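The values are calculated or read from the model by the stated rules, or taken from the named source; none is laboratory data. Quick caveat, the model's predicted, so the values are computed rather than measured. Reconstructed Cβ throughout: ideal geometry from the backbone, glycine too, with neighbour counts over all protein chains shown.
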Amino acid sequence: MGLRNIVIQGDPILKKKSRKVEKFDERLNILIEDMKETLKEENGVGLAAVQVGVLKRVIVVNMDGEIVELINPEIVEQSGTQEDLEGCLSCPGEYGITRRPMKVKVKALNKDGKMVEYTKDALLARCFCHEIDHLDGIIFKEKALRMLSPDELRKE
Ligand code: NI
């Protein structure tokens with residue numbers, strides 16, 4: 001177990017669609033533990049498996065200090081809209097404004113294969129959408145209403 005390298009934009013794997021997890025085995029557990037460690041080390045809010053080079057539908061999200069895994073996550077309900085600043089560990093130093101739902105309900109499985117459900121708003125709703133997009137090969141920049149200019153970045 002340990003830290004994994006983050007795949008940086010330009011690597012074609014980031015454009016690929018991740019596959020559903022069907023086997024809940026030790027290999028999956030190790031991937032999840034490594035992703036949690038890596039997210040913690042990077043001080044990120046969320047991380048998708050493709051960002052460590054694994055095309056499986058797994059994301060980890062920091063929910064108020066606790067890092068939780070979501071396997072085969074799906075947004076089952078959404079409401080409202082928000083426009084806010086977004087970045088990505090795979091796009092260091094780049095930030096943009098995206099439009100996302102204000103609130104989302106996500107269904108997923110945990111590492112034991114049990115159904116879990118989270119309803120979150122604001123930052124975490126954005127994070128769920130951002131990470132699930134990664135599983136479909138979409139990077140936030142493609143959806144950004146605009147990216148921040150170097151001048152604006154200096155002020156952030
Ligand atoms: Ni990202």
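Just one residue in the set 7, 21, 45 is surrounded by 13 or more Cβ atoms within 10 Å (Cβ to Cβ) and farther than 20 Å from residue 86 by Cβ; that residue is 21.
Results for (1) in a helix (DSSP H, G or I); (2) more than 19 Å from residue 111 (Cα to Cα), shown as yes or no for each residue.
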site	(1), (2)
13	yes, yes
29	yes, no
35	yes, no
39	yes, no
51	yes, no
61	no, no
68	no, no
73	no, no
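Of the residues examined, residue 120 is one that is at pLDDT 95 or above and either within 21 Å of residue 40 (Cα to Cα) or hydrophobic (A, V, I, L, M, F, W, C) (or both).
Condition test on residue 111, is it away from the ligand (no atom under 12 Å from the Cβ), basic (Lys, Arg), at pLDDT 95 or above and under 26 Å from residue 27 (Cα atoms)?
On the way: away from the ligand (no atom under 12 Å from the Cβ): yes; basic (Lys, Arg): yes; at pLDDT 95 or above: yes; under 26 Å from residue 27 (Cα atoms): yes.
Considered against the rule, which asks whether it is away from the ligand (no atom under 12 Å from the Cβ), basic (Lys, Arg), at pLDDT 95 or above and under 26 Å from residue 27 (Cα atoms), residue 111 comes out as yes.
Taking each residue of the stretch 105-120 that is acidic (Asp, Glu) and looking for partners that are exposed (fewer than 14 other Cβ atoms within 10 Å of the Cβ) with beta-carbon atoms closer than 9 Å, six or more apart or interchain, yields 117/76. The set of residues in the stretch 114-134 that are more than 11 Å from the ligand (Cβ to nearest atom) and under 18 Å from residue 14 (Cα atoms) contains only 128.
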